[in-house]
Every structure is written in C-alpha cells, then in structure tokens.
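Let me begin by presenting the structure, written as structure tokens, before commenting on it.
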Amino acid sequence: MQRGGDMNNRVAMHQACASCKHQRKRCGEDCVLAPYFPAERMQEFQAVHKVFGVSNVIKLVKDVNKERQKETAESLVWEATCRRNDPVLGLLWKIQEITGRIRAVQDAAAIAKPEHAEAAAAAKGGGCSVQQTTSSGACMEWCRWDR
Ligand SMILES: [Zn+2]
C-alpha cells in the first residue's frame with residue numbers, strides 16, 4: 001500500500017501487457033512480450049497461451065533476434081488461431097487447403113496448356129510468343145512447355 005503512488009506512476013507510464021495482466025504480475029520495462037501483446041491484444045494472447053503456454057511463448061520470442069521477434073509473435077498468433085478454428089488439424093488444415101488450391105490451379109493450367117500452344121503457334125508460327133515472365137525475368141513454366 002505504501003508503494004501505491006509509485007505503482008500508479010508506473011501504470012501511467014507503462015500499462016501491463018496482456019501476458020503480465022494474465023499472470024497478475026508487474027509488467028516491467030524488460031518485459032519480452034509487452035511490445036507484441038499490449039493489453040488490448042488480450043484475445044490474441046489468450047489464444048497463443050492456450051496452445052503454447054506463457055513460458056513457452058516468452059521463450060520462443062526471446063530466443064530469436066530482436067528484429068524478428070514481432071514476426072515470431074505474429075506467427076504464433078496465426079498458428080494458435082488455426083488451432084482454435086480446427087482443434088483436430090490446426091495448421092495442417094490450412095496446409096491442406098492451400099495444397100488443394102495449388103492442385104486446382106495446376107489442373108486448370110494443364111487443361112489450358114494446349115490452347116496457349118495453339119495461340120502461340122498461330123501468332124508466331126511456333127515457339128513461345130506469349131512473353132510471360134516473372135519479375136526475375138525467368139520464363140514461366142507453361143511458357144517453356146511451348147518450346
Ligand atoms: Zn508484460
């Protein structure tokens with residue numbers, strides 16, 4: 001009680017982060033999670049805590065370079081959200097969904113390929129006339145098939 005004034009000053013300067021609030025402890029200047037889980041991100045912190053546990057979250061964020069800590073915290077939120085949305089498959093659900101989309105695009109490309117070959121042949125009398133290149137200048141896969 002005698003340190004009440006001091007505590008109020010600290011609270012005014014630095015509001016306890018979601019992690020420290022959850023643990024009911026003082027959030028010091030050296031708190032690892034304070035920059036990534038401020039008080040208003042309690043829901044995200046709870047999701048991460050439910051999957052990984054507070055001590056593991058702190059360890060995972062602490063163990064990477066300072067400049068990549070935000071990225072780490074955000075990826076943990078993403079993983080935890082996937083687990084919350086699908087308690088059985090978690091992140092695997094997302095991977096399966098993306099793999100399915102890639103297959104669908106590959107199937108569509110395989111079906112579309114003969115049309116492109118015909119268009120290329122008609123326009124230039126053969127070869128690859130459709131100049132589809134990536135930002136690095138490499139010819140795209142389906143374009144190479146025409147050669
Ligand atoms: Zn804190």
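Read the figures in this text as sums done on the coordinates, not as results from a lab. As the structure is a computational prediction, the values presented were derived from the model and not from experiment. Glycine gets a Cβ as well: all are built from the backbone with ideal geometry, and neighbour counts include every protein chain shown.
Spelling out what I want: for every residue of segment 62-77, take phi, set θ = phi - 60°, compute 6.51 cos²θ - 1.76 cosθ + 1.60 (Karplus), and round to whole Hz; glycine and proline get x.
Those phi angles translate into 5, 6, 10, 4, 3, 6, 10, 5, 5, 4, 4, 4, 5, 5, 5, 4 Hz.
Mind checking which lysines have their C-alpha under 24 Å from Lys70, skipping anything on the same chain fewer than 8 residues away?
Lys21, Lys25, Lys50, Lys59, Lys62, Lys94
Just for the Cα atoms in segment 4-85, what are the lengths along the principal axes, largest first, rounded to whole Å?
So the three principal-axis extents are 42, 27, 18 Å.
Give me the distance in nm between label points sitting 7 Å out from Cα along the Cα-to-Cβ direction at Lys94 and Arg26, one decimal.
3.7
Which whole-Hz couplings ³J(HN,Hα) result when phi for each residue of segment 90-103 is put into the Karplus expression 6.51 cos²θ - 1.76 cosθ + 1.60, θ = phi - 60°, listed in order with x for Gly and Pro?
x, 4, 4, 4, 5, 5, 5, 5, 5, 4, x, 5, 4, 4
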